[in-house]
Every structure is written in C-alpha cells, then in structure tokens.
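Take a look at the structure set out below.
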Amino acid sequence: MQSLAKILISARWPLAAMGLLVLMVCYPISQRLTMDRRVSSLFSQTDPTLVDYQSFKSAFGGNEIILVVYRDDELATTEGMDRSRIFSQQIRQLPGVAAVLSPAILNDAVKLLNPISLFKADSSVPALIRDDDPVADGLDEIFSGYTHSADHTRAAVVVMLQSFDEATTESHHAVADRLNALTETWQQNHPVSEISLVGEPVLIHDAHTLIQRDGAQLALWTVSLLSLVVLISLWDLRFVALTGLCIVWSVVATRAAMVGLGISLSLIASILTAIVTVIAVASILHLGVRFRRMRWRGHTISESVDRSLTGLLKPILWTCLTDAAGFAALLASGILPVRQFGVMIAVSALAVLLSIALFAPALMSIQGFGFRETSHRGRTRVARRLRRICFFVANRFVAHRVGVMLGSACFALLAIVLVARSETETSFLKNFRSSSRIVIDYSRVETDLGGAGVWDVVLDAPAELTPEYIDQVLALEQALREIDVDGATISKAISAADAVEVLGRSRALSLLPVPVRLAGMRDRLPAFINALISEPDLDGRRQFRIMLRSKEALPAEQKRMLIQRVNETVLQHVARWNDSAQSTESGSYVTGYYVIMARLVEQLIRDQWRCFAASIVLIWILMLMATRSVRYATAALLPNLLPVFVVLAFTASLGEKTNMGAAMIAAVSVGLSIDGSVHFLAGYRRRRVHGHSPETSASHAAAEIGVPVLLATIALVVGFSVLSTSEFVPTATFGTLVAATMATGTLINLTLLPATVSWWDQGDGTS
C-alpha cells in the first residue's frame, strides 16, 4: 500500500479536481431518482403473492379504496342521510375518484329497487332503515360494517380511486391529501365528529411520509453529531471538511448510480445518508487519529499524510469492502426493496472508499487548519488515558481468554434460543405509534365497523350466474364466518350473491331470474357490483369476489392460522363444487392487502437468516483475502456474530416482537461491527511480524484502535438513537438496534476479539 499511497499523494490535486467534476456530473442525474410508493414494489414480479394480487387488481379494475368514516348520531334520520349524500357528492367530484358508495347511495338504491315499500312506511324514516322492508333490511345487514355501523351511529363513504391505467400512485396520495382537507371542513361545518381515513393508500402514504421525514432528520443529526465529534476529537477543520465532502460525494454518486441501474427509492431507502455517514466517519476518524499522532511525534504534514495513508489504506479498503459485503448479502432476500437497499448501500460503501482516495490526500495536505497546541496536548492526555484503559481491559480478557470464550459461547447459545422463540409482528398497523392518527383511525374502524383487515376470496364463475352457483357461494360465506382461531374470526363475508339473495326476499323480485336481479343491482349500484364480478373473458368465465373483514391487530400466529384456515375452507368448497360439476373445473385464491402485508413480514423474517448466512460467508471470504489466514479470518468473524444475537435476544426477553426494522439487522450488523476488527487485525499482525507474543500483540492492538473506535461509536449511537423517536416503529426499531449492535460490537472488539485471536493464533505470525 506504500506505493499506492505515494501515487495518491503525488496526484492529490488532479484527483480532487476529478472528484469535484464527477460530483458536478452526478448531481443532476441524482435528482432524477424517484420514490416508488406502490405495494407491488415490495415484491419480486414473479412472487406468487404478488401475482395473485395483481390478477385480482386486473380482474376487478385495479381500484384502490379509501374509507372515510365519521360519527353521525342522526344517521338514521332524513337529515343524516342528506349529510351522507352531500359528503358523497363532494368526494365524488374530487380529481382521482372513480366512484363512491355510502349510506345515502344505498338508501336511494332501496327506493328504486323496491318502490312499493315507500307507500307502506313512515316517510320520515330513511328507506334503508325501515324494518318492514325485507330488501332494505337485507341491504342494511349486508353493508353493516362497510358503509355504516350496526347501530347506525357511524357512517362511511367507500371511495374507489381511479385505476393505475388512469392515475399514478402519486395521484392516489394526492387524493388522500384532498380528503384530509375536505374532512377538516366537514367537522367544522357539520354536526359530525371522529372523522377517520383508512385504507391501503392512506397507510402507504403515511408510512412513506414518516420515513422520508425520519430519513431527513437522521441525516441531519448524524452528519451534525459526527462532524462535531470529528472536530472535537481531532480539532482539525481539514477532517471536518473531508467528512462533509466524502458524505456528499458518496450520497450523490450512489443516487446517480441507482438512476443508472433503474432502482427507485423504497420504504427503507431513506436512511442512505445516515449509513454513508457511519461508514465514512469510522474510516476518517482512524485516519485523523493516526495523522494527529504522527504530527505529535514531530513529523511534518507531508510525512504525516504519507505515514497515515500508508498504514491505513489497506484497513480502510477492507472495512469498506466488508461493509459492502454485509449489505450485498441482502440480495439473498425475496423482497425486492430489501435487495435494492442492499445494492444501494453496497455501492455507497464503495463510493466512500473512492471518495477518501480522491479527497483525503489533498485535504490532509492543506496547511494551517489546526488549532492551538495547548488544547491539543489536553486531548492527547485524554487519548492516552483511554488507550491505557483499553489496554488494561483487553489484557485482562486475554489473560483469561479460555474462560471468556467458554462464557461467551454459553451466552451465545442462550441468546440464540431466545431469538428463536421471538414472535413476529405481522400487523402493518403496529408499525405506527399507538398515539399516531392512523392508529387511532384504524382502532375506531376495528371497534365500530368489525375490523380494519380487508381481504378477498376470488372464485371462478360461469358467464351467467345460476341459482345453484349463488347457493354455493352463500354456503362458502357461511363456512368462512364460522371459522374461529382462538377468537380470531371473519367478521364479515359478503359478495354479489348476498345482493341477489336479498332481492329474492321481495315477493315481486323473487320471481325474477338471477341474471335479471343482478342487472337491477348493477343498474342501481354499478360501482359495487362491478367491483365484485368481473367481465367475462374469452372463454366466457368470470371472476367472482367475496369481500372479507377481520381484525387487523391480531398476533402473528393467529393471523397466519386465520389466513391458512380461510385458504383451506375455500379449497375444500371449490373441490366439492368441481366433484359435482359437469363443466370446466373452477379455481380460487385468497388475496388482498391483509394477506400480502402479513406475508411480507413473514418473508422478511425468513430472509433475515438467509441474508445473515450470506453475509457471514461473504465477509469471511473477504477477511480471508485480507489476512491470508483461515485462523485470523475465523477468529475475527466469530466474535462479531455475537452482537446481533445479544441485541435481538434482549429485545425478545422484553416481549418485543420482530418487525420489519428488526428483520434487516442480522445481515447488516456483521458488516458494521467488523470494521473495528479489521483495524485490530492490522495492528495485531504488524506486531506479530515484529516478533511480539500473541498476548502482547492483542492487548496493544486493542489499545491502538480503542480511541477512534470509541469516539465513532459514541457519535453513531447518539446519531442512530435519534430514530427511536420516529412515529414509524420499524424505523425506530432499526435505529435503536443499530445503535445497540454497534455499541455491543465495539465492546466485543475491545474485549472478546483480542481474547479469541490470541487464543486461536498458534503460529509464529511471521508469515
């Protein structure tokens, strides 16, 4: 590395100029990077879950739905229905809205479907609420839990947004913003209260808004705190400038590379700046501490730059490569944004390495940016004390290394058992704080409308529906309602079959065949019927939809079992239909937002250990290449597997469930925590080459890396801890666990790592 360092130093100004030129070229490209807010962006295009979901969207128009729920104690009066009608009309006029369904629209449909009943009842009572009308009573029962509550004190406007062919995802979120503004006006000008907005677009919109805000906040705090730490610890503006320039260059270059690779930003991509800061500052602090030590020993600036780069280029190279490998291991995930996130951070780690090579020689060579030597002496005394403490602690652990390693192994086994017993959080709603508006809104829907979990059963149907088919669907719906998984049930199961059955309760309408009754419903409620029955395909087959409702906030195992029981029940009924049918066999599938989000988190949990294994293999190979020793590579890697298990075991022991934020920690943590190990091994091997014993080499190497590692860890822990206040729980979890993992990793690098390496090193170390 000495020759490379000399090349970088001799060409420092052309390299810096080239770096600035690249920055200017990449910046406009980086601004073209977009955010992909679609749910489909969370899955691979070949994922069966996504294939079913997209088939469902294609068959039924692709309309996203937002539910506007409000309290109106006068809903069961003509005044309440008039308000519902006004609200429905105002929402329908909003750009991006395809159709609406509300109590007022149902009320008008009852009048048209069964006009004779109007002459039999008190005209002051809305047609939908009349007990003496079997059609009204049936529709009231069907839509209870969708457009209104059973006690008629809650009303809902079901808002169907334009399909993806007519509007982009961004416009869906614009509709959500307009609805928010409109509902605020309602509450001020009408006797309604507790207005809530729920639905997939609202959840995704709020999640992205919170994550983008958190990403900006994390970037600001992390960059500010770490720049302050660099300034205080090194007291040199050159390294503050180097830190800022490396971060900006790496982020811009990474974003430009993502544009070139066709990768969009996703839910987890907003922490790019923070991760880049972590990688950059860790390396720059090592450079700064080495540079300061050389200056304190009397070397000139040019000599200090030469010695610092010569000694640290190789460790910095391997730390950036191991960081890249840890994140590249996320490519083993089945979740598309996770894979893209892994590529993004791997590229950013390489960008940090390149930025240091471009700018460090030039900035470190600038004269006159240091501060007074009196304060420098004080910091040197503090640094010496820290090194002595690190030496003493490492020496004690090295002296008792066998007992330390046995104790660590037992502790690791206990941690693995605790992690294996941890539960998974599958409710996307639990990704928000209990005090956030979205949780409050969904809780109202859970309580008043029978559950916020919305999903669907899709069945094959003949081109012309028959009474026998309607009876089969009604029997399936009843079987679905009877499912009970330790209290978790299907609170609602409705379809067009229910509408046909309700019309049959009228003496006059019961004489009409099923297709005619269905045509009447389609004429009165086109948005509802079209959302439940698809148009016939080329073979004359239709898709028939059963809308399900269940509780969203269910434990992971209950939710998994409920989805499984629904699948089993549907398959059993379809199998019986096929056995008795003389025509083409029918198919079915269960899908919907409720299902795909539950499977998303399950996939993340399964993937984390596959990614963890991939990161272990990749990092071990890199460590083997760096050290050219199986013993050193293995001895350095094994202690760094402990932090993730310790942190996850601790959270599991507190009863915390594994969410999306915790699911990525395993693979990422190894790459981040092993940075200190790379620098430790560089110092350790240097001393072994000079003939020192394993024990002495390990203790002194730990003391040498102690100051920069401790300084970087303190700043990074504080920086990532800022995320713990996020309203988006996975972001808060990720920040907290990264902070805890890095703190644990630093402790292990200064204690267990010296003990392990010195025990494992049985050679003379001179090769």
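Bear in mind that the values in this text are calculations on the coordinates, not laboratory data. What you see is a predicted model; the values in this text were computed from it and never measured. Every residue, glycine as well, gets a Cβ built from its backbone with ideal geometry; the counts of neighbours run over all protein chains shown.
Report the net charge of residues surrounding Gly540, where surrounding means a beta-carbon distance below 13 angstrom and charges are Lys +1, Arg +1, Asp -1, Glu -1.
Values: positive: Arg541, Arg542; negative: Asp460, Glu464, Glu535, Asp537, Asp539.
Overall, the nearby charge balance is -3.
Write down the Å³ per residue value for the convex hull defined by the alpha carbon atoms of region 453-593.
Working: hull volume 16.5 nm³, N = 141.
Dividing the Cα hull volume of region 453-593 by its residue count gives 117 Å³.
Once you list every other residue whose beta carbon is under 13 Å from the beta carbon of Ala613, what net charge do they have if Lys and Arg are +1 and Asp and Glu are -1? Walk me through the numbers on the way to the answer.
Numbers: positive: Arg606, Arg610; negative: Asp607.
Combined, the nearby Lys, Arg, Asp and Glu give +1.
Taking a quarter of the surface of the Cα convex hull of region 252-329 gives a mean projected area of 6.3 nm². Per-residue 3J(HN,Hα) values for region 479-487, derived from phi via the Karplus relation 6.51 cos²θ - 1.76 cosθ + 1.60 with θ = phi - 60°, read 5, 5, 5, 8, 5, 9, 10, 6, x Hz in sequence order (x marks Gly and Pro). Altogether, the Stokes-Einstein calculation at 25 °C and 0.890 mPa s, with the Kirkwood radius of region 562-690 over Cα pairs as Rh, returns a diffusion coefficient of 131 µm²/s. Rg and Dmax over the alpha-carbon atoms of region 14-113 stand at 24.5, 82 Å. About its Cα centre, the dipole of region 453-593 is roughly 500 debye, where the only charges are +1 on Lys and Arg Cβ and -1 on Asp and Glu Cβ.
Quick check: convex hull over the Cα atoms of region 421-477, volume per residue in Å³, rounded to an integer? Display every interim value, and only then the final one.
Details: hull volume 9.5 nm³, N = 57.
In region 421-477, the Cα convex hull volume per residue is 167 Å³.
Using alpha carbons only, how many degrees (0 to 90, rounded to 10) separate the axis of helix 237-261 from the longest principal axis of the chain? For 237-261 against the chain, the angle is about 40 degrees.
Using the Karplus relation 6.51 cos²θ - 1.76 cosθ + 1.60 with θ = phi - 60°, the per-residue 3J(HN,Hα) values for region 132-139 come to 8, 10, x, 5, 4, 4, x, 5 Hz, with x marking Gly and Pro. Across the chain, C-alpha contacts under 8 Å between residues 6 or more apart give a mean separation that, scaled by the residue count, equals a relative contact order of 19 percent.
Please report the projected area of the chain's Cα convex hull averaged over all directions, in nm².
On the way: hull surface 149.8 nm².
If I average the Cα hull's projected area over directions, I get 37.5 nm².
Mind jotting down a quarter of the surface of the convex hull over the alpha carbons of region 377-462, in square nanometres, one decimal? Averaging across all directions leaves 14.6 nm² for the Cα convex hull. In order along region 105-113, phi translates into HN-Hα couplings of 5, 5, 4, 5, 5, 4, 4, 7, 6 Hz, rounded to whole numbers, per the Karplus curve 6.51 cos²θ - 1.76 cosθ + 1.60 with θ = phi - 60° and x for Gly and Pro.
Taking only alpha carbon atoms, region 640-737 gives an Rg to Rh ratio of 1.10, where Rh is the Kirkwood radius. Taking the C-alpha atoms only, the angle from helix 169-189 to the longest principal axis of the chain is near 60 degrees. Size descriptors for region 510-599, from the alpha-carbon set: Rg then Dmax equal 16.4, 47 Å.
Net length available on complete extension from Arg481 to Ser653 is 58.3 nm, with 0.36 nm assigned per residue and the Cα-Cα distance removed. Entry note, region 453-593: relative contact order of 43 percent, from Cα contacts under 8 Å with a spacing of 6+ residues. Computed over region 233-390, relative contact order equals 36 percent, with contacts defined as Cα pairs under 8 Å that lie 6+ residues apart.
The angle separating the long axis of helix 12-30 from the principal Cα axis of greatest extent in the chain is about 0 degrees.
Using just its DSSP H runs of length 4 or more, each adding -39500 (n - 2.57), the chain gives a mean residue ellipticity at 222 nm of -22000 deg cm²/dmol after division by all residues.
I need the fraction of alpha carbon pairs in region 65-198 separated by more than 26 Å, rounded to a whole percent. List each step's numbers first, then the result.
Values: 2187 of 8911 pairs.
That fraction is 25 percent.
Radius of gyration over Kirkwood radius for region 139-281, both on Cα atoms: the Rg/Rh ratio is 1.20. Less than 5 angstrom separates the built amide H of Tyr589 from those of Val458, all sequence-distant by 5 or more or on a different chain.
If you take all other residues with their beta carbon under 11 Å from the beta carbon of Arg686, and give Lys and Arg +1 and Asp and Glu -1, the sum is +3.
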